[in-house]
2 protein chains.
Amino acid sequence: MAKAEELQGLRDEVEQVSLEIVRLLGKRMELVARIAEAKKKLGEPLVDFEVERRVRSRLSDEARKLGISEELVNKITTLMLQESVKLQEAGEKPKRQVSHFDIFRRARELEAEGKRVVRLEVGEPDLGAPGEVAGATAEAVKQGRSRYSDAKGIAELRKKLAEYLSNKYNTEVKAENLILTPGGRFAIYLTMRTTLNMGDEIIIIDPSWPMYKNCAEFLGVRPVVVNTSVENGWLPNADEVAEKITQATRAIVLNYPCNPTGKVIDRRTFRKLLDIARENNLYVISDEVYADYSFSEYPPSVLEYDDANFIRVSSFSKSWGMTGYRVGYVTASRELVEKMAKINGMLITCVPEFIQYGCLKALELEETVRRYAEIMKKRMEAAVNTLSKIPATVHKPEGGMYVFPRINVDGLDSIDFAFDLLEKKHVALAPGTVFGDYSNYIRISLGASEEDIRRGIELIGEYLQENVKT
Amino acid sequence: MAKAEELQGLRDEVEQVSLEIVRLLGKRMELVARIAEAKKKLGEPLVDFEVERRVRSRLSDEARKLGISEELVNKITTLMLQESVKLQEAGEKPKRQVSHFDIFRRARELEAEGKRVVRLEVGEPDLGAPGEVAGATAEAVKQGRSRYSDAKGIAELRKKLAEYLSNKYNTEVKAENLILTPGGRFAIYLTMRTTLNMGDEIIIIDPSWPMYKNCAEFLGVRPVVVNTSVENGWLPNADEVAEKITQATRAIVLNYPCNPTGKVIDRRTFRKLLDIARENNLYVISDEVYADYSFSEYPPSVLEYDDANFIRVSSFSKSWGMTGYRVGYVTASRELVEKMAKINGMLITCVPEFIQYGCLKALELEETVRRYAEIMKKRMEAAVNTLSKIPATVHKPEGGMYVFPRINVDGLDSIDFAFDLLEKKHVALAPGTVFGDYSNYIRISLGASEEDIRRGIELIGEYLQENVKT
């Protein structure tokens, strides 16, 4: 009976402590409301990363000191910070959220009305998958290769892909370092989900494909941006990257050839960034999905380095024009691949088996890859040439499938511009704002014919003459 | 400047309060450890739902009194309770984590050694996709239907699926209520991701497909289990469900026909559960993936009710044997579908376009669905008949593709049993423990031939005679 009383006593104490926690939460929220007031009067932004970062790190230290779960404290901290932001934002007007899908949707509407639209907005090559890939996939479907398979991908494909990459990069990739995913996006997701935790920070070099920031935010991870400029040929400054690293930084995303700029980083700078990552014990998430669309020497790859924290993301979408097949893959340490396989297995079981047979065939078609790269190069040249005739500044891409010119009009709002251009000239393209703080820029996709690209850019020129004083 | 100082002062206060919260968390964890000790001495169970509920309600009252977000307090309470359970379990011997994939893997190894293994462990029908579906998919691949498509699925398929469901359930499902996903698992994930938040609770009726708990935990959501028993024909007790609802409960998962029990809930009890959900403003996630495998009347469906909080999950995997095609879908309110589409688009872009043409064809093949259900019924009968000859108790399934007998051996450890049976008799099946606290049970899949099912169960009988005193 004494034991039972002791138990009751302890429970009462727990309750008192818990109530006290809630009261302190109340007090905290009160203070937060007053801070919001004070910030408003000072004209300071609502979210201050520096402050949040400090709070996180102090609370985390305290948790460690007390020997309680840092994970628990991190989660509770996140909930408190989220609530604070919510409280402070009540009353603010929402930010304008636009993606190139909004342009895509409007372009489709215009087409449905019978208009001829020059489509330069989507990052999808028009080249399509080679007939051999379609044939192999169709054959596998008919043979009934449509059972559950290994979460990492069928053994045959992983083995062949490992050999393919090993040859291509003169390195040793093993099957155990590979996992097949439903598209490159999911490859990014699995990578971030297995390397980052809520409250972590990730460095992203802008302008960048929106997926990196979106996916990070989806996971409660904070994107920290390093900007690059057309004046510096879109080259990231390694010192600026180093400056953004904090206790909370866990990873850096690299994407060369770059979407949207077409920049291919030089090996020296690439190396420098990898060294910085190493020194700070960061993961490097290298999205090399455009690697095969390179117009001069072969772009640098993390595969050239043997480091368990370097992760390469790629896909079959661009190299073989297999966008709608939805197959991406990650090259990473065996340990990380196993972690990813658990999530892949839980969320999607596997990439459809018959599609993997299509991928097997693709790996034999190096000629297609070269041919597609040649086409992209010609289109890029055409785009850059035509851009020289309109008021635009462009860095000539060394790879990728986009050009990212600045439109030389003061104070251009790329979103308004893109929508108005679409209405008036029936040219669809992606506003620069989608990729970061680049309101004067537009992204032109090379996924269309050379003729369309020329015509589209000429129409931009016409639009500017008619509508804007340059 | 005074304002800036005031701001700094407030920030310091917030930090102090936050630190105090962490310290109290530390104190709480200390007390919890002592409670665990006391409970152990008294032989009390670690999780006491009554106590938890009292804690919750006190804290929630306090939040209301203080005018702070009850939701925030509920979430933090859940995290604290979860941590408490984890702490208390730390001294216990760790639960064995086994999935039927471990059995699957070992079975494959034995097969690779040349052994003939009776495979009754995997939830995959051996029937395969109909030739027409394979044909339509192959044709679509060859026609180059492999471009990015709508994140929700191609318009044609959503329209036809809406008609199909509307007819089947005598209701009105619109295309806007549907989203196609890469498999039923991803349909569950999208549903949970868009309806639940970290710190929420979800009610799951055991025995259950492990995905529900795994996915909930993956999202930081706490699964709260309601058990059912073979003695009560696996019927959930509505009162027991109601008792588990707390302020943190957001959803309940229903899965009829049930994996693993084959139970089909009667319409009255189904209705009762939906009413409880409605009264408590809970989402109902109804996984009706086995709906077409029903052996008597058609199973009840949330589609029969018009409620924005009722969500139906299904797939093409079972009804048409299209497992490896990886296509699932969710029927939900337009608002939820839009939320899911955002995530689908971000993580996978879309289900491969050509596969969706295979699905379009499948919807014309009602005859296949009926034939497959007939086959499952015959297999189920064979399984139940054969089980009557060994020391087992089984509820005769009204649907689904499994039987879930209790092996009448005192203190059976279903994991040891499953592995030993596989080694000695080369019969692969899923241990009951995988599906909840059902150590005396095994799950036999009807995805194999009638002959294999009979033979497998006979071999279980032989094993029991040779190895166990029953």
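Laboratory data are not the source of any read-out in this text; all were calculated from the coordinates shown. Just so it is clear, the structure is predicted and the values come from calculations on it, not from any experiment. Backbone-built Cβ (ideal geometry, glycine too); neighbour counts: all protein chains shown.
Along the stretch B:45-57, what does the Karplus equation 6.51 cos²θ - 1.76 cosθ + 1.60 (θ = phi - 60°) give for ³J(HN,Hα), rounded to whole Hz, x for Gly and Pro?
For the stretch B:45-57, the Karplus curve yields x, 5, 9, 10, 5, 4, 4, 4, 4, 4, 4, 3, 5 Hz.
With the cut-off at 1.5 for a/c, could you classify chain B from its C-alpha gyration tensor as rounded, prolate or oblate?
Verdict is oblate for chain B.
Based on alpha-carbon centroids, what's the gap between the stretch A:1-71 and the stretch A:320-352 in Å, whole number please?
So the separation of the two Cα centres works out to 39 Å.
Using a cut-off of 11 Å between beta-carbons, work out the net charge of the residues near A:Val337 (Lys and Arg +1, Asp and Glu -1, A:Val337 not included).
+3
Among rounded, prolate and oblate, which fits the protein assembly as shown when a ≥ b ≥ c are the square roots of the eigenvalues of its C-alpha gyration tensor, a/c under 1.5 means rounded, and a/b larger than b/c means prolate?
Cα axes put the protein assembly as shown in the oblate bin.
What is the sum of charges, Lys and Arg at +1 and Asp and Glu at -1, for the other residues whose Cβ falls under 12 Å from the Cβ of B:Ile285?
Cβ neighbours under 12 Å give a net charge of +1.
Taking every DSSP beta bridge with both residues inside chain B, roughly what % is antiparallel (nearest 5)?
If I count the DSSP bridges inside chain B, around 45 percent turn out antiparallel.
Defining a contact as two alpha carbons under 8 Å apart and six or more residues distant in sequence, what relative contact order in percent does chain B show?
Value for chain B: 21 percent.
How many angstrom lie between the C-alpha centres of the stretch A:170-229 and the stretch B:431-470?
About 44 Å separates the Cα centre of the stretch A:170-229 from the one of the stretch B:431-470.
Roughly what would the spin-label model give for B:Ala155 and A:Arg267, points 7 Å off Cα along C-beta, in nm?
5.1 nm
Give the relative contact order (percent, whole number) for the stretch A:131-364; include only Cα pairs under 8 Å separated by 6+ residues.
32 percent
What are the nm distances, shortest first, from A:Arg58 to its equivalents in the other copies, labels at 7 Å along Cα→Cβ?
Computed spacing set for this position: 2.9 nm.
Arrange A:Ile21, B:Ile444 by Cβ neighbour counts within 10 Å, fewest through most, would you?
A:Ile21, B:Ile444
By counting other Cβ atoms within 10 Å of each Cβ, how are A:Thr249, B:Thr323, B:Thr331, B:Thr171 ranked from fewest to most?
With the fewest neighbours first, A:Thr249, B:Thr323, B:Thr331, B:Thr171 line up as B:Thr171, A:Thr249, B:Thr331, B:Thr323.
For the stretch B:217-256, list residues with backbone N below 12 Å from a point placed 7 Å from the Cα of B:Asp275 toward its Cβ?
B:238-239
Have a look at the DSSP beta bridges in the stretch A:131-364 and tell me what percent are antiparallel, nearest 5.
30 percent
Given label points at 7 Å from Cα along Cα→Cβ, what nm distances, shortest first, separate A:Glu20 from the same residue in every other copy?
Computed spacing set for this position: 1.0 nm.
Stretched out fully, how many nm does the piece from B:Tyr164 to B:Lys115 gain, at 0.36 nm a residue minus the Cα gap?
13.2 nm
Counting Lys +1, Arg +1, Asp -1, Glu -1, what net charge surrounds A:Glu20 among other residues with beta carbon under 11 Å of its beta carbon?
Around A:Glu20, the surrounding residues sum to +1.
So in the protein assembly as shown, what percent of DSSP beta bridges are antiparallel if you round to the nearest 5?
45 percent
Give me, ordered by chain and number, the residues 5 or more places off A:Leu235 or on other chains with an amide H under 5 Å from its own placed amide H.
Under 5 Å from the amide H of A:Leu235 lie the amide H atoms of A:Ser229, each far enough along the sequence or on another chain.
Please work out the FRET efficiency for the pair A:Glu297 and A:Glu172, using the Cβ-Cβ distance as r and a Förster radius of 22 Å; give the result to the nearest 0.05.
Efficiency at R0 = 22 Å is approximately 0.50.
Just want the ordering: B:Ser57, B:Ser414, B:Ser149, from fewest to most Cβ atoms lying within 10 Å of their own Cβ.
Least crowded to most crowded, the residues run B:Ser57, B:Ser149, B:Ser414.
Please label the shape of the stretch A:96-164 as rounded, prolate or oblate, based on the square roots a ≥ b ≥ c of the eigenvalues of the alpha-carbon gyration tensor (a/c under 1.5 means rounded; beyond that, a/b larger than b/c means prolate, else oblate).
prolate
Report the relative contact order of the stretch A:20-89, percent, no decimals, based on alpha-carbon pairs under 8 angstrom and at least 6 residues apart.
Relative contact order of the stretch A:20-89: 41 percent.
Which listed residue (A:Leu365, B:Ala151, A:Thr228) has the Cα farthest towards the positive end of the charge dipole for the protein assembly as shown, taking +1 on Lys and Arg C-beta and -1 on Asp and Glu C-beta about the Cα centre?
A:Leu365
From the phi of every residue in the stretch A:365-371, what ³J(HN,Hα) in whole Hz does the Karplus formula 6.51 cos²θ - 1.76 cosθ + 1.60 yield, where θ is phi - 60° and glycine or proline is x?
9, 5, 4, 4, 4, 5, 4
Too long at a 21 Å Cα-Cα cut-off: which of A:Lys115/A:Lys424; A:Lys75/B:Lys27; B:Lys41/B:Lys244; A:Lys244/A:Lys272?
Pairs exceeding 21 Å: B:Lys41/B:Lys244.
Hey, got the dipole for chain B? About the Cα centre, +1 on K and R Cβ, -1 on D and E Cβ, debye to the nearest 20?
420 debye
In the structure shown, do any of B:Lys159/B:Lys361; A:Lys159/A:Lys342; A:Lys377/A:Lys425; A:Lys160/B:Lys152 have a Cα-Cα gap over 22 Å, and if so which?
A:Lys377/A:Lys425; A:Lys160/B:Lys152
Non-local amide H neighbours of A:Arg443 (under 5 Å, H modeled in plane, Pro and chain starts lacking H): which ones?
HN-HN under 5 Å from A:Arg443: A:Ala430, A:Gly432.
If r is the Cβ-Cβ distance from B:Glu367 to B:Gln143 and R0 is 22 Å, what FRET efficiency results, to the nearest 0.05?
So, using R0 = 22 Å, E works out to roughly 0.25.
Any chance you could run the full-extension gain for A:Asp416 through A:Asp126? It's 0.36 nm times the residue separation minus the Cα-Cα distance, nm to one decimal.
101.7 nm is the gain from fully extending A:Asp416 to A:Asp126.
Find, to one decimal place in angstroms, the Kirkwood hydrodynamic radius of the stretch B:24-90, where the mean of 1/r is taken over every pair of different Cα atoms and then inverted.
12.7 Å
Run the simple label-point estimate for B:Ala90 and A:Glu240 please: 7 Å along Cα→C-beta, distance reported in nm.
4.5 nm
Along Cα-to-Cβ, 7 Å out, sits the label point; list in nm, shortest first, how far the one on B:Lys3 is from those in the other copies.
Reported distances to equivalent positions: 6.4 nm.
Along the three principal axes, how long is the stretch B:304-343 when you take its alpha carbons, biggest first, rounded to the nearest angstrom?
30, 27, 9
Could you derive backbone 3J(HN,Hα) for the stretch B:11-20 from the dihedral phi with the Karplus parameters 6.51, -1.76 and 1.60 (θ = phi - 60°), listing whole Hz in sequence and x where the residue is Gly or Pro?
Going residue by residue, I get 4, 4, 4, 4, 5, 4, 5, 5, 4, 5 Hz, with x marking Gly and Pro.
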